[in-house]
Each structure stands twice: as C-alpha cells, then as structure tokens.
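Enquirer: This is the structure I want to talk about, given as structure tokens.
Values quoted throughout were computed directly from the atomic coordinates according to the rules given, and no laboratory measurement underlies them. Worth saying up front: this structure is predicted, and the values here are computed from it rather than measured. Virtual Cβ from ideal backbone geometry, glycine too; neighbours counted across all protein chains shown.
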Amino acid sequence: MLRKRSRSTSTLRNLAICYDNAGDTKRSQARIQSALAIDLSRYKRDPGAASVNRSLVRTFRLIGDDEQADRYLANALSIGLKRIRKHPTSSSAAYSLGRTYELMDKWDDALEQFGRARELDPKRKKYRKAYLRTVNRAATSKESSSEESSSKELSSEDSSSEKTLSVGVVDAAEGV
C-alpha cells in the first residue's frame, strides 16, 4: 500500500526536526528539501501571499539561512501592511499581519492585530486562539528575558566578587 506524501510544509519541517533529533540527518535533509521545493513552487505561483512568504521564513530558518529568511519576512511584513492600509476593516488582513509579527517576536504588535481581528470578527475561533497563544508566548518571552537579565547581573556580581577575592589573595601574599 502506498502512503500519500505530505504536501504540508509545516508537517515536513516538523518531520525534519524529529529525524534530526533522532540522528537521521539524511531523512531530515530530505524533508527540508521537500518543504523548500513546495514553498518555492507556491511562491512562484503567488509571490504576493503573506502566508507563502511566512512559510519560506520558517523553512529558511530551519536551514539556517537567516539572510533569506529576513528577505521573505520583509516581504510578508510589506504585504501585510499594504493589506491593512487597503482593507482596514478586514479581520483576515489583521490576522495575517499578526502572524507576521509573531515571526518577528513583536508580541505587542501581534496582540494588537489579533485583538483587532477578534473585534472585527468575534465568531472566528482561530482569531481567539491566536490571541491567547500570543499572550502566553509574550508572557514566556518576558519571563525568559527577565531571567536572562537576572542571571547576567548575578554573573557580573560573581565575577566582581571573584576579582575582589583574587586581589585580596595577591595583597595578602605581598604582605599588604
């Protein structure tokens, strides 16, 4: 029995990560190449689709090509901002721009757009889910950044006390 091959780039990227974690780089690379081929094919057909550009961002990030990822992220942002200007009351335009801001880790901007999408179309569950998901990610991001700054402060305090200790030892050895 033949299995149907996945055409979902997100599934292919997730499989690539799983294979990579299992140490199977050959299968991982094959899934990444498949995802990239699908993304590029979709981009050829519709370069003005923000969702296609965002998918390319994710694939290029997985490959480690940040320059290409940034290029497609800039495209997605430009497309999203143009759509919002052209259709200020479009919930799907606000949602799409929110998704782009998510990729940029601009949580406040993403929350604003998802909140706007919810206001414009309160019955759409995906807008509510996106808003709540982003609230959680923003909180997690703020917690981790405050933990990083706390650990930097602690490490600088530790290193300054170590310097003090080592100076004290030198001074004692010199008979000061």
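Enquirer: Multiply the residue gap between LYS44 and ASP65 by 0.36 nm, knock off their C-alpha separation, and tell me the result in nm, one decimal place.
Expert: On the way: separation 21, 0.36 × 21 = 7.56 nm, distance 1.95 nm.
Additional length available on full extension: 5.6 nm.
Enquirer: Say the cut-off is 23 Å between C-alpha atoms; which of LYS86/LYS129; LYS44/LYS126; LYS44/LYS123; LYS106/LYS142 go over it? List each step's numbers first, then the result.
Expert: Details: LYS86/LYS129 25 Å; LYS44/LYS126 28 Å; LYS44/LYS123 34 Å; LYS106/LYS142 12 Å.
Check vs 23 Å cut-off fails for LYS86/LYS129; LYS44/LYS126; LYS44/LYS123.
Enquirer: Order of SER55, SER28 from fewest to most other C-beta atoms within 10 Å? All intermediate terms of the calculation are to be shown ahead of the outcome.
Expert: Numbers: SER55 23, SER28 19.
Listing SER55, SER28 from fewest to most nearby Cβ atoms yields SER28, SER55.
Enquirer: Which percent of Cα-Cα pairs in segment 1-96 sits in each 5 Å bin, short to long?
Expert: Pairs per bin, as whole percents: 3, 14, 19, 20, 17, 12, 8, 4, 2, 1, 0.
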